[in-house]
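Notes to accompany the following structure.
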Ligand SMILES: [Zn+2]
């Protein structure tokens, strides 16, 4: 039994991609809860070796993974052809890049891998193929010209599958112990959250909105809105619903008040004002329920670090609490340079962000169903703000159902199966106003069905994204403290 994995990266490989490779190994090893010690290639205690094919064939290490130079050098031009399931691990095959049909061979007491699992992890998590796809007016990608939908990549979290495979191999090599993934012996985690876009109805426009959505049937609720008997102030109801499943959620509030005119001119910020007394009372209520208050950064806030800072500080003043987490309204980030938005999160001191998802497609955009510190290619380092990617937003299974397996329960069961088998994480994003079952039939019901389904499994931690982030950062730091090496690209 060994307490730390001894790992060697060949110097030739390190000279070319040192920070990238160290980052991937940090993500993979912390994902599985293994501490490490970096050693040189002739070490007698070596467990994992990563280097180019000629060296790795000769290595004495117990698990050898090859560095595939042609993939690393061509990383910005690769297109996914398909996912090939080798030993149940979704392995990407790239267009015009022939590869081995075998995942590994065993030789005496050594395992020799034939695929560059480190590169695959890097390629998925840095979302390199995206830059070749077309975008809509909000800057969101259209995946229909790629093979990602047909291969169901977003549902499979291939990076998490690779990490789990490494864990299995290490276990077979008698390595132990691993730091547990989740607290209280839980096997997977689900973070619940609500984007607060429209908590107070506009009494002059809401009745028309209802009638245009539901026709004549909308007249009674439209009148109820006019009389002030109906609204979208559902906070207590959401918390009561979640408390029934021993679950807590985060509420992300916008700290910038928009207007109808700005909305009409293309800046669709929410209309409410968090400095009002009713919000101060609401913040007290949310805190007394141990739920989380996070920032819903305004539509164009990503353009200015100062603007994000102003919004964060205003919310902190109003709720009298530190705000550790963020999600952009419309998930609207810099579509030409997402890394710039991620760097802005770090600059204002968020502990985590939860915005890196696809508008129309559910699943794990970076291929990893666990929190991770993203890599910033332009800076050759990892970010200090954790990414806790949103997995399912309500609208994915309503207006975009055909993009998501055509079937709500099938899509939700599939992401649940993935995290249960991999010990991963799902982040759910449900808008506050969909509590209204008249305007949004089936929306709340689908959410409740899913959390009751997860609750009944008994082994899933249903909590806020903030609690998940705090746990993960603490766990990550404890593993780093036990480890030595693989430190290139840490700020
Ligand atoms: Zn929003």
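If the requirement is being at pLDDT 95 or above, on the phi < 0 side of the Ramachandran plot and either surrounded by 14 or more Cβ atoms within 10 Å (Cβ to Cβ) or not assigned by TED's automatic domain parsing to the domain that holds residue 386 (or both), which of these qualifies: 101, 97, 82, 60? Testing whether each residue is at pLDDT 95 or above, on the phi < 0 side of the Ramachandran plot and either surrounded by 14 or more Cβ atoms within 10 Å (Cβ to Cβ) or not assigned by TED's automatic domain parsing to the domain that holds residue 386 (or both) leaves just 82.
Of the helices (runs of 4 or more DSSP H) that lie entirely inside the stretch 168-246, those containing 3 or more residues that are within 26 Å of the chain's Cα centre (by Cα) and modelled with pLDDT of 80 or more span 235-243.
All conditions in (1) out of contact with any helix residue (DSSP H, G or I) (no Cβ under 7 Å at 6 or more places or on another chain); (2) within 16 Å of the ligand (Cβ to nearest atom); (3) part of a loop (DSSP other than H, G, I, E, B) hold for residue 406, with the sole exception of (2).
The set of residues in the stretch 429-439 that are surrounded by fewer than 21 Cβ atoms within 10 Å (Cβ to Cβ) and either free of Cβ contacts under 8 Å to residues at least 24 places away in the same chain or under 19 Å from residue 364 (Cβ atoms) (or both) contains only 437. Of the residues 359, 346, the single one that is part of a loop (DSSP other than H, G, I, E, B), surrounded by fewer than 24 Cβ atoms within 10 Å (Cβ to Cβ) and touching a residue at least 12 places away in the same chain (Cβ under 8 Å) is 359. If we keep just the residues of the stretch 93-150 that are touching a helix residue (DSSP H, G or I) at 6+ places or on another chain (Cβ under 7 Å) and without any contact (Cβ under 8 Å) to a residue 24 or more places away in the chain, which is farthest from residue 72 (Cα to Cα)? Taking the candidates together, the pick is 134. Against the test of being within 16 Å of the ligand (Cβ to nearest atom) and in contact with a helix residue (DSSP H, G or I) (Cβ under 7 Å, 6 or more places away or on another chain), the options 341, 385, 391 yield a single qualifying residue, 341. Among the candidates 262, 312, 287, the residue that is at pLDDT below 95 and either more than 16 Å from the ligand (Cβ to nearest atom) or not in a loop (DSSP other than H, G, I, E, B) (or both) is uniquely 262. Look at the stretch 173-189: where a residue is under 16 Å from residue 28 (Cβ atoms) and a partner is in a loop (DSSP other than H, G, I, E, B) and at pLDDT 95 or above, sitting 6+ places away or on another chain with Cβ atoms under 6 Å, you get 178/33; 178/34; 179/33; 181/423.
The criterion of being within 16 Å of the ligand (Cβ to nearest atom), in the same structural domain as residue 462 (by TED's automatic domain parsing) and part of a helix (DSSP H, G or I) does not hold for residue 299.
Scanning the stretch 151-167 for residues that are assigned to a loop (DSSP other than H, G, I, E, B) and touching a helix residue (DSSP H, G or I) at 6+ places or on another chain (Cβ under 7 Å) yields a single hit, 157. Within the stretch 328-338, the only residue that satisfies the criterion of being more than 15 Å from the ligand (Cβ to nearest atom) and part of a helix (DSSP H, G or I) is 338.
Looking at the stretch 440-452, can you tell me whether even one residue there is within 16 Å of the ligand (Cβ to nearest atom), surrounded by fewer than 24 Cβ atoms within 10 Å (Cβ to Cβ) and closer than 23 Å to residue 243 by Cα? Within the stretch 440-452 (the criterion being within 16 Å of the ligand (Cβ to nearest atom), surrounded by fewer than 24 Cβ atoms within 10 Å (Cβ to Cβ) and closer than 23 Å to residue 243 by Cα), the answer is yes, since at least one residue qualifies.
The values are calculated or read from the model by the stated rules, or taken from the named source; none is laboratory data. Since this is a predicted model, take the numbers as computed values, not measurements. Ideal geometry is used to build each Cβ from the backbone, glycine not excepted, and the neighbour counts take in all protein chains shown.
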